[in-house]
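S.K.: Structure provided below as C-alpha cells; questions to follow.
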Amino acid sequence: MDDKKTGFCKRWWSVMRKPSVKYSVLTLLVVGFFGGIISWGAFNTGMEATNTLEFCTSCHEMRDNVYPEYKETIHYSNRTGVRAICSDCHVPHDWPHKIKRKAKAVFEIWGKLTGSIDTREKFEAKRMELATHEWTRMQANGSRECRNCHNFDAMSSELQKQTPYKKHMKARDEGKSCIDCHKGIAHHLPKEYREPDDQ
C-alpha cells in the first residue's frame, strides 16, 4: 500500500513539474494571474460580508441578547452620528490580526451549532465566560480595536471634562488600555462582575 501511495505521489509531482504541451507558458501565467485576482476578490468580499451589522445580528443569539444592549449605548447613537458596529470593536482592522481573529471566530460558531447559548437563560449563564474571553483578548492587544477610533494623545483637555481627562492621562502614563476601565461600555456586565447594589 505504501509503495502505491509513493508511486502515485511521484507520478503526480512529475506531471505538475512538466511544462504544458497544450498551453503556452504565457497563457498559464495570464490565467493564473486573473484567477488569483478573482479568488482574492471573492475571499475579501466574503470577509467583508461577515463584518456587517446585518451579518452579526443575523443569529438570534446576538440579535436577542447583546444587540439590544448595544443599541442603548453611545457607540450606536450619539450627537456626531458616528456609529461603531460589532466588527469595529471585535475584529482587528489590519490584515494579519483580522485573519487570525476570523479563524478563531469559526470556533465560536460551535455555540450556535450546539445550542449552548440558544436561550436567554443559557446566554446569561455563559455571559461571564464569553465576556472574559473578549476582555482577555482586548487586554492582550492593548485594546487595539478601541484605539482605531480613540487615542490618548488626541484627547483635548479643553473639550473633555477634567475628571475623565485626568483619568485618561493617568491611564496612558500607567500603560493601561481602554478595556481596563471600560468593561461593560457596549454590553451589560455579567452578574458575577457587577457590584451587589447594581444587580
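Throughout, read-outs are computed from the coordinates displayed, never taken from laboratory work. From a predicted model like this one, the values you see are computed outputs, not experimental measurements. Reconstructed Cβ throughout: ideal geometry from the backbone, glycine too, with neighbour counts over all protein chains shown.
S.K.: Quick one: in segment 123-161, of everything that is assigned to a loop (DSSP other than H, G, I, E, B) and within 15 Å of the chain's Cα centre (by Cα), which residue is surrounded by the most Cβ atoms within 10 Å (Cβ to Cβ)?
M.R.: GLU145
S.K.: Can you find a residue in segment 162-178 that is assigned to a loop (DSSP other than H, G, I, E, B), under 20 Å from PRO92 (Cβ atoms) and polar (S, T, N, Q)?
M.R.: There is at least one residue in segment 162-178 that is assigned to a loop (DSSP other than H, G, I, E, B), under 20 Å from PRO92 (Cβ atoms) and polar (S, T, N, Q).
S.K.: Got at least one residue in segment 100-110 being without any contact (Cβ under 8 Å) to a residue 40 or more places away in the chain and surrounded by 14 or more Cβ atoms within 10 Å (Cβ to Cβ)?
M.R.: Scanning segment 100-110, I find at least one residue that is without any contact (Cβ under 8 Å) to a residue 40 or more places away in the chain and surrounded by 14 or more Cβ atoms within 10 Å (Cβ to Cβ), so the answer is yes.
S.K.: Moving to a separate point now. I need every pair where a residue in segment 147-171 that is among the polar types (S, T, N, Q) has its Cβ under 8 Å from the Cβ of a residue that is surrounded by fewer than 14 Cβ atoms within 10 Å (Cβ to Cβ) and in a loop (DSSP other than H, G, I, E, B), sequence separation at least 6 or different chains.
M.R.: Cβ pairs passing all conditions: ASN148/HIS93.
S.K.: While we're here: Counting just the residues of segment 79-99 that are in a helix (DSSP H, G or I) and without any contact (Cβ under 8 Å) to a residue 12 or more places away in the chain, which one comes out farthest from THR57 (Cα to Cα)?
M.R.: The qualifying residue farthest from THR57 (Cα to Cα) is PRO96.
S.K.: Within segment 108-120, is even one residue closer than 17 Å to ARG63 by Cβ, more than 12 Å from the chain's Cα centre (by Cα) and among the acidic types (Asp, Glu)?
M.R.: Yes, the conditions are met somewhere in segment 108-120.
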